[in-house]
1. Using the Cβ atoms and a cut-off under 12 Å, what net charge is assigned to the surroundings of Ser24, where Lys and Arg are +1 and Asp and Glu are -1?
2. Can you pull the one-decimal nm distance between simple spin-label points at Ser10 and Asn59, each 7 Å off the Cα toward Cβ?
3. Please tell me the relative contact order of the chain in percent, rounded to the nearest whole number, where contacts are Cα pairs under 8 Å and at least six residues apart.
4. Taking a probe of 1.4 Å, how large is the accessible area per residue of the chain, in Å²?
5. Can you list the residues of segment 26-59 with backbone N under 18 Å from a point 7 Å past the Cα of Asp72, pointing along Cα to Cβ?
6. Which value results when the Cα radius of gyration for the chain is divided by 2.2 N^0.38 Å?
7. Note down the accessible area of Asp11, probe 1.4 Å, to the nearest 10 Å².
8. Taking all protein chains in place and a 1.4 Å probe, what share, in percent, of the accessible surface of the chain do carbon and sulfur account for?
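The values are calculated or read from the model by the stated rules, or taken from the named source; none is laboratory data. The model shown is predicted, which means the values in this text are computed figures rather than measured ones. Glycine gets a Cβ as well: all are built from the backbone with ideal geometry, and neighbour counts include every protein chain shown. Keep in mind that these areas ignore ligands, DNA and RNA; they rest on the heavy atoms of the full protein, side chains included. Shrake-Rupley method; radii C 1.70, N 1.55, O 1.52, S 1.80 Å.
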Amino acid sequence: MEVIFYFNQSDYRVINKTLSDGESFEGVLRDGCSLMNPSIEFEKADVLRYNYCYIPAFNRYYSVQSIDCVRDGLWLV
């Protein structure tokens, strides 16, 4: 699943956000995740520097709430 990550420089309450550093990553959608709070696994540590993302398959933007290390080299966003 493609996810485009950004760095959001605006407050999370601002509607027209200032996004920068857009980069696309391929991730694996976790079983049983919701549309409002999806969980996606990535094998790149580069996702650590981003705080906002867009998922084209859902046509939605999300604020990154947490990034957890599942094991060495595998991140759950």
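1. With Lys, Arg at +1 and Asp, Glu at -1, the net is -4.
2. For Ser10 paired with Asn59, the spin-label model returns 2.1 nm.
3. 30 percent
4. In whole numbers, the chain has 67 Å² accessible per residue.
5. 42-46
6. So the chain has a normalised radius of gyration of 1.05.
7. Its accessible surface works out to 60 Å², give or take rounding.
8. Here carbon and sulfur together make up 47 percent of the probe-accessible area.
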